[in-house]
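One structure is given here, and the rest of the page talks about it.
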Amino acid sequence: MDLLKTLVDKGLRREQPTREEALAVLATSDDDLLDVVAAAGRVRRQWFGRRVKLNYLVNLKSGLCPEDCSYCSQRLGSKADILKYTWLKPGQASEAAAAGLAGGAKRVCLVASGRGPTDRDVDRVSETIRAIKDQNEGVEVCACLGLLSDGQAERLREAGADAYNHNLNTSEATYGDITSTHTYADRVDTVQKAHAAGLSACSGLIAGMGETDEDLVDVVFSLRALDPDSVPVNFLIPFEGTPLATEWNLTPQRCLRILAMVRFVCPDVEVRIAGGREVHLRALQPLALHLANSIFLGDYLTSEGQAGKADLEMIADAGFEVEGADQVTLPEHRAAGGCGSHEAAGCGSHEGAASCASEEAGGCGSHEGGVCGSAPAAAQAAGDARTDLVAVRRRGAGTDLAPNA
């Protein structure tokens, strides 16, 4: 297929595909799916080999959020039966992080619900970051606390944070359909603050809320322009008690096409399969490792994930290896510029990229979310809801039960 040859050539050169080419990936048939995966897999291996980076979530503060993000089980007015608790103490958070690190995770993602942190919250999280770093040599720490005010990113960096996550989630054109309590521009501003402070920016999207192919391409092109070092791809977990509980628009095949499109547009950044992979990829999860080079280990913020042992077995069985703490995730040309480097020709190169949009408060690439809009025919044919695959987290952080790691 000429399209795939062109996309592979561009990916190996770190050149941005056209919008038409990105849309064509999403429009490929199931008959062509393995060819699409193989082509995007060549680009993935060029920049990341067969390594899989493991990340581990610690939900520092769960539920009771004043924002109204339609996809989120922690939103204002949510009736989802999730765990609700206020801030974990630094020792509790460090203990939770240790479980993930023992399971092979390289990065710990510290997440807190809410619009954004107060200065006291930043102090609290800074103390937690220091506790985790003191007890675990070489660990990466990513904070995800919502919208940042001036100076807060710098304070997190001084405390030892390596990265900051804030997802764009959807296209600028449809952002107002999923959230009314903050804007797309607010989100972009926070990612830019993280960049400016020297933090490695992590920003991604949510698929599966009925978005069009054009919406998906718009948000991924905006992400490339924003130049994050990692792009988490979430698939909506339709929680009972949220406005999007009935949105079941994804098939495993569509999820793979979305991941392939993200890899072609962002060839040399960490593409992470985040929330919802077990729900929507199901038995095709191993194929997704040929597209993404990063996953979350164990549970998510408010939902249960695949058993950590099963994650490790899946990686090994698919012929991949867990990335070690002594290995650099990003290719040399990106890593050489430091955290959040705007390397001239990297994914997110501002040369010919789409103009920057904006971002919002979400989990560290793990919020259960999606995009409003008219669903394409392929998504509408996704089939019946699989509510049996959605389980609320009842273990780990905020409970007396051992975590899944």
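Each value in this text was obtained by applying a stated rule to the coordinates, not by laboratory testing. Just so it is clear, the structure is predicted and the values come from calculations on it, not from any experiment. Backbone-built Cβ (ideal geometry, glycine too); neighbour counts: all protein chains shown.
A few notes on this one:
- Radius ratio Rg over Rh of the range 133-267, counting only Cα atoms, Kirkwood formula for Rh: 1.00
- When peptides 226-236, 8-18 are ranked by their average number of other Cβ atoms within 10 Å per residue, the highest-first order is 226-236, 8-18.
- When each of the peptides 119-131, 202-214, 155-167 is scored by the mean number of other C-beta atoms lying within 10 Å of its residues, the order from highest to lowest reads 202-214, 155-167, 119-131.
- Length available on full extension from D123 to T18: 0.36 nm per residue minus the Cα-Cα distance, which gives 33.4 nm.
- Peptides 28-35, 100-107, ordered by how many other C-beta atoms sit within 10 Å of their residues on average, highest first, read 100-107, 28-35.
- Once the convex hull of all Cα atoms in the range 219-259 is built, its volume per residue stands at 96 Å³.
- More than 17 Å apart - percent of Cα-Cα pairs taken over the range 70-211: 62 percent
- Cβ charges +1 (Lys, Arg) and -1 (Asp, Glu), total dipole of the chain, debye: 740 debye
- Förster radius 35 Å - calculated FRET efficiency between D30 and E240, Cβ distance, rounded to 0.05: 0.70
- Between S180 and A310, the contour length at 0.36 nm per residue exceeds the Cα-Cα span by 42.9 nm.
- 10 Å-binned pair-distance histogram of the range 248-290 (Cα, whole percent): 29, 57, 14, 0
- The C-alpha radius of gyration of the range 67-149, expressed as a fraction of 2.2 N^0.38 Å, stands at 1.18.
- Over the range 168-238, all Cα pairs binned in 10 Å intervals from 0 give whole-percent P(r) values of 20, 54, 24, 2, listed from short to long.
- The chain pair-distance distribution - Cα-Cα, 20 Å bins, rounded %: 32, 63, 6
- The gain in end-to-end length when the L389 to T86 segment is fully stretched comes to 106.3 nm, 0.36 nm per residue minus the alpha carbon separation.
- Global form of the range 20-63, assessed from the alpha-carbon gyration tensor, a/c cut-off 1.5: oblate
- Simple label model, 7 Å out from Cα along Cβ direction - Q135 to A325, nm: 1.3 nm
- Set K106/K309; K53/K89; K106/K193; K61/K309; K53/K309 screened for pairs whose C-alpha atoms are more than 19 Å apart: K53/K89; K106/K193; K61/K309
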